[in-house]
Amino acid sequence: MTILASEGLARTYVSGGRDITVLTDITFALEAGGFLAITGPSGSGKSTLLGLLAGLDRPTRGRVVLDGHDLSTLSEDERARVRAEKVGFVFQAFHLIPTLTARENVQVPLELRGLDGRNRADELLERVGLGDRGHHYPAQLSGGEQQRVAVARAFAHRPRLLFADEPTGNLDAATGANVIALLAGLNRELGTTLVLVTHDHDLAALARRQLRLRDGAVVEDTALPAVSA
């Protein structure tokens with residue numbers, strides 16, 4: 001079943017009185033439970049594409065269908081509701097709340113829904129190898145540990161899709177590889193569809209499909225053999 005589809009997607013901005021085209025005619029479909037890596041050099045449009053796919057921005061042309069919802073037909077409030085119900089995010093910056101413990105940070109998406117997330121937070125912290133660190137604040141955790149907390153938080157509400165934008169950009173190579181392996185493992189275990197933006201080809205090789213961009217266009221769409229993380 002297709003969970004995410006991009007049809008003729010384009011994004012143009014106006015700068016200095018002229019149009020700047022960032023993306024041109026991006027078309028693809030991703031099956032539920034898939035793991036897609038979007039790669040390409042800096043400035044190729046990777047993060048812009050991710051924002052459009054997640055409904056954080058609107059395309060100039062084309063449309064995105066996310067789990068049966070045509071985002072182009074929805075208001076901002078309706079798109080926000082779809083994201084809250086179906087989407088998780090992991091970013092390069094960890095975006096943890098410094099005054100909350102690791103456990104409390106993981107609970108936030110559930111508490112926003114009026115749910116008691118303590119047991120779910122404890123379960124996810126165990127999954128990411130931080131079961132004994134839940135009472136620590138972000139400043140007491142390493143960069144890799146903070147990103148693992150961010151991963152646990154992203155999975156707290158059991159999203160259908162998870163978007164990760166350069167999630168290893170602030171980490172050393174070994175720690176970054178561990179974080180991507182963790183995301184890949186949760187993708188397999190929980191069936192959450194994973195869309196990863198990265199410039200690192202070694203990390204992208206863990207995905208089962210790669211979409212490579214150059215100058216805002218798809219130049220390669222490749223299915224990859226399964227790689228054990």
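Some values worked out for this structure:
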quantity	calculated
Inter-probe distance in nm under a simple model that places probes 7 Å from Cα toward Cβ, at E189 and D77	3.8
Part-to-part distance (alpha-carbon centres) for region 8-23 and region 160-198, which is given in Å	29
Highest-fluctuation residue, R120, R153, R18 considered, GNM on the chain with Cα pairs under 10 Å	R18
Test item: Cα-centred dipole of the chain, Lys/Arg +1 and Asp/Glu -1 on Cβ, debye	180
The chain: projected area of the alpha-carbon convex hull, averaged over directions, in nm²	12.9
Residue of I38, I20, I180 that the Gaussian network model of the chain assigns the largest fluctuation, springs spanning Cα pairs under 10 Å	I20
Computed lengthening from L112 to A223, 0.36 nm per intervening residue step minus Cα-Cα distance	36.2 nm
C-alpha long axis of helix 173-190 to longest principal axis of the chain, angle in °	90
FRET efficiency estimate (nearest 0.05) - Cβ-Cβ, E85 to H135, R0 25 angstrom	0.25
Distance between modelled label sites at R214 and T2, nm, 7 Å Cα→Cβ extension	2.7
Listed residues A93, L74, A29: farthest to the positive end of the dipole of region 2-223 (Cβ charges)	L74
Residues R58 and D202, FRET efficiency given R0 of 41 Å [Cβ-Cβ distance, rounded to 0.05]	0.75
Distance in nm between pseudo-label sites at E31 and A181 (7 Å out along the Cβ direction from Cα)	2.7
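Laboratory data are not the source of any read-out in this text; all were calculated from the coordinates shown. None of the values given here were measured: they were computed from a predicted structure. When we count neighbours, we look across all protein chains shown, and the Cβ atoms used for this are built from the backbone with ideal geometry, even at glycine.
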